[in-house]
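Structure first, commentary second.
Bear in mind that the values in this text are calculations on the coordinates, not laboratory data. Because the structure is predicted, anything quoted here is derived from the model rather than measured. Neighbour counts are summed over all protein chains in view; Cβ atoms, including those assigned to glycine, are modelled from backbone coordinates with ideal geometry.
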Amino acid sequence: MRTPRPARRHRQRECGADPRGRRGTGADIGSLSTFVTDMRLMTASGETLDLDAKRTPGLFQAARVSLGALGIVTETTLAARPLYKLKRRTWVAPVEEMLEAAPELWAKYRNFEFYYTPYSGMTIGIVNDETDEPETPEPVNEDDDGLRQLQQLQDWLGWAPSARRWVIQTIFGGIEPETRIDYSHKTLSSERNVRFNEMEYHLPREAGPQALREIIAAIEDNNVEVFFPIEFRTTAPDDIWLSPFYGRESCSIAVHRFHEEDYTPYFSLIEPIFRKHDGRPHWGKLNTLKAADFAGLYPKWRDFLEVRAELDPEGRFLNPYLRDILQSG
């Protein structure tokens, strides 16, 4: 059996625009939206507005994560940097060991994240730092095969969690630490071909380890049928009004459900834990929050509603979801 190496999606970018506030992973690295330095916005009336932090500070901070509700971004300028290489180290550790070490790891390394495999007690940790060392050969991507094999273990041993744990721990015990050096766009990205539904919340960083412990307990005490690993990452604070990282050092925890399975019972079990720890949901993923919930989570929520109403009074840019949370709030 192949154990899935966590799939690398290219989240740690220094260029690109994202109205949803997509995050990377790095205690001192902000979300994708923090790299936007200026933009041109076309409003519902056809007027074009040139926005940046100096000339239009409030409107700029509203527009950098706007959910598409303020208008159409026709031009944007992003902070970029020359091509660089990363040295990536991957290793296996028990979940409590990883959680205890997490504050030291996110402070020490440029990027730190880990994945917990349900019913295993084990995590796969990943750290990255910049380097000038020569590149190493690119490994074969076996992530999809590993996920399918974890699904088989769920099907075969879902009735016996202790046996399932023993098998997974035996497999993890044979995994040696791995080091890879390559350019960042290669070390931080890969294809992901197993479809899923996802719920991800961004929590105050200090609350993350305890929240994950509670999530693991909820899954395993209730014998939830799930095989996708749980993701844990960190992101720097920012001052963007609707950014999930507004005003606080954050960690992100994501849970997944295979696309052919009903995600509702699983996500309904986990979401109250996210809410308990003052989590803010990822704007592009599943959640059940309403306008009043967002108003309590975002200090600049009312300010954003005022800007939206001024720029698009007829709600031309509102789809049913945005109309529900932005006009009823």
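How much net charge surrounds Leu326 when only other residues with a Cβ under 12 Å from its Cβ are counted (Lys, Arg +1; Asp, Glu -1)?
The answer is +1.
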Over segment 227-298, what is the relative contact order in whole percent, taking alpha-carbon pairs under 8 Å and six or more residues apart?
27 percent
Rounded, prolate or oblate, given the Cα gyration tensor of segment 85-281, with a/c below 1.5 counting as rounded?
oblate
Among the Cα-Cα pairs of the chain, the proportion with separation greater than 34 Å, in percent, is 27 percent
Which ordering of Trp301, Trp91 is given by a fewest-first count of other beta-carbon atoms within 10 Å?
Trp91, Trp301
Straight-line reach from Lys290: which lysines fall under 29 Å, measuring Cα to Cα and dropping same-chain residues less than 8 apart?
Lys276, Lys300
List the aspartates and glutamates whose Cα lies under 19 Å from the Cα of Lys54, skipping any in the same chain that are fewer than 8 positions away.
Asp38, Glu75, Asp238, Asp239, Asp303
If the cut-off is a Cα-Cα distance under 16 Å, which lysines reach Lys186, setting aside same-chain residues fewer than 8 apart in sequence?
Lys85, Lys87
Please compute the net charge surrounding Thr288, taking Lys and Arg as +1 and Asp and Glu as -1 over other residues with Cβ under 11 Å from its Cβ.
0
For segment 195-263, which GluC sites (Glu not before Pro) are both in a DSSP coil and crowded by at most 10 other Cβ atoms within 10 Å?
Glu260
Neighbouring Cβ atoms within 10 Å as the yardstick, rank Ile126, Ile175, Ile230 fewest first.
Ile175, Ile230, Ile126
